[in-house]
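Asks: Here it is, the structure, as structure tokens.
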Amino acid sequence: MKRTNLYLVLVLLVSACGPAGDKSGTISACSSTLKALAALTGGLEVPANFQTSNPVKTGGEFDVMQFFKVLDSLSMQPGYTLDYVYHFDGMGGYPLLYVRPTDQPPYTSEADLPASYDRSGYLDFVQVDDTPESYFQLMLLARMGDQFYQYWHAAYADSQIVCDKAGVTTIVSGLNGDFGRRIPPAAWVQAHLLKDIEPTSVVGEQTVEVRLVTFTLWGGFYANTYLIDRSMPHTIQVVEEKNIVPYDCGVMF
């Protein structure tokens, strides 16, 4: 085979194996996105009207549509809005996100939800702009979108995305015994040796592979791989969730 023809074959093979250009890569805006999201929800206190049996929204509570000011590569399907009611059972409390037509009055309590309610069903109505960033933002919404107004036992759902080496250092530095047990020396070393921490998003013809490192006080660091359908609804499939640095704070609410 001539050298010119061999070069053309190699080019075609590389093109067929995966996306190119701006359709793949590391998510550089991870840290700024998480900081902006934390600014929206970090200081929220559970309203008094939510700390009762079958709590009812009375107005003035946090508006989850504000998420899309931060997650600006996402949007709701036209004609629909994102909303929530609140679950409270004395042992814990947390929001239940749902989607409703914009011309339909919001539900006031959990009792109004249909029997077919699915806690992740709202994701079927979330649109992406098909950039690598948008699929990362979709995973951020899926993993952390209901982490506000958490009461008591609901605080176990604390999984957070880790953006980079500096994020690992910040987390590990905080495991100093102020909340729960200190991180063991072996886990401390493992955490500081972690590589390939930055989130990545690779857009293929039909699916998108998103890789994330996450941390929870009740489990430690995890390497996560997901496949997301490019066409709506953007179904999320868990490919792998691997515990790469085990840690448990030991706190029981």
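Asks: Going through the stretch 176-253, which trypsin sites (Lys or Arg not before Pro) have at most 16 other Cβ atoms within 10 Å and a DSSP loop state?
Replies: Arg181, Arg182, Lys195, Arg230
Asks: May I pose another question? Which value, in Å to one decimal place, does the Kirkwood hydrodynamic radius take for the chain when every pair of different Cα atoms is included? Show your work: numbers first, answer last.
Replies: Numbers: mean 1/r = 0.0494 Å⁻¹.
Mean inverse Cα-Cα distance, inverted, gives 20.2 Å.
Asks: Tell me the net charge near Gly92. Cut-off is 14 Å between Cβ atoms, Gly92 excluded, with +1 for each Lys or Arg and -1 for each Asp or Glu.
Replies: -4
Asks: Here's another thing I want to ask about it. My understanding is that a pair violates if its Cα-Cα distance is over 27 Å; which of Lys69/Lys195; Lys35/Lys242; Lys165/Lys242 do that in this structure? Intermediate results must be reported in sequence, preceding the final value.
Replies: Details: Lys69/Lys195 31 Å; Lys35/Lys242 25 Å; Lys165/Lys242 18 Å.
Checking Cα-Cα distances, Lys69/Lys195 exceed 27 Å.
Asks: Let me ask something else about it. Once phi is turned into ³J(HN,Hα) by the Karplus curve 6.51 cos²θ - 1.76 cosθ + 1.60 with θ = phi - 60°, what whole-Hz value does each residue of the stretch 99-113 show in order, with x for glycine and proline?
Replies: So the Karplus estimates, Gly and Pro as x, are 10, 9, x, 4, 8, 9, x, x, 5, 9, 8, 4, 4, 7, 5 Hz.
Asks: Out of the chymotrypsin sites (Phe, Trp or Tyr not before Pro) in the stretch 75-160, which ones are loop residues according to DSSP with at most 15 other C-beta atoms within 10 Å? Working shown, then result.
Replies: Numbers: sites: Tyr80, Tyr84, Tyr86, Phe88, Tyr98, Tyr107, Tyr117, Tyr122, Phe125, Tyr135, Phe136, Phe148, Tyr149, Tyr151, Trp152, Tyr156; in loops: Tyr107, Tyr117, Phe148, Tyr149.
For chymotrypsin sites (Phe, Trp or Tyr not before Pro) across the stretch 75-160 that sit outside H, G, I, E and B with at most 15 neighbouring Cβ atoms in 10 Å, the list reads Tyr117.
Asks: With the dipole of the stretch 35-138 worked out from charges on the C-beta (+1 for Lys and Arg, -1 for Asp and Glu) around the Cα centre, which of Pro105, Leu74, Thr58 lies farthest toward the positive end?
Replies: So the residue we want is Thr58.
Asks: Can you tell me the relative contact order of the chain? Whole percent, Cα pairs under 8 Å, sequence separation 6 or more.
Replies: Values: 422 pairs, mean separation 45.4, N = 253.
About 18 percent, as a whole number.
Asks: Say R0 is 22 Å: what FRET efficiency, to the nearest 0.05, do Thr131 and Val239 get from their beta-carbon distance?
Replies: With a Förster radius of 22 Å, E is 0.55.
Readers should treat all values here as calculations from the given coordinates under stated rules, not as data from a laboratory. As the structure is a prediction and not an experimental result, all values here were calculated from the model. Glycine gets a Cβ as well: all are built from the backbone with ideal geometry, and neighbour counts include every protein chain shown.
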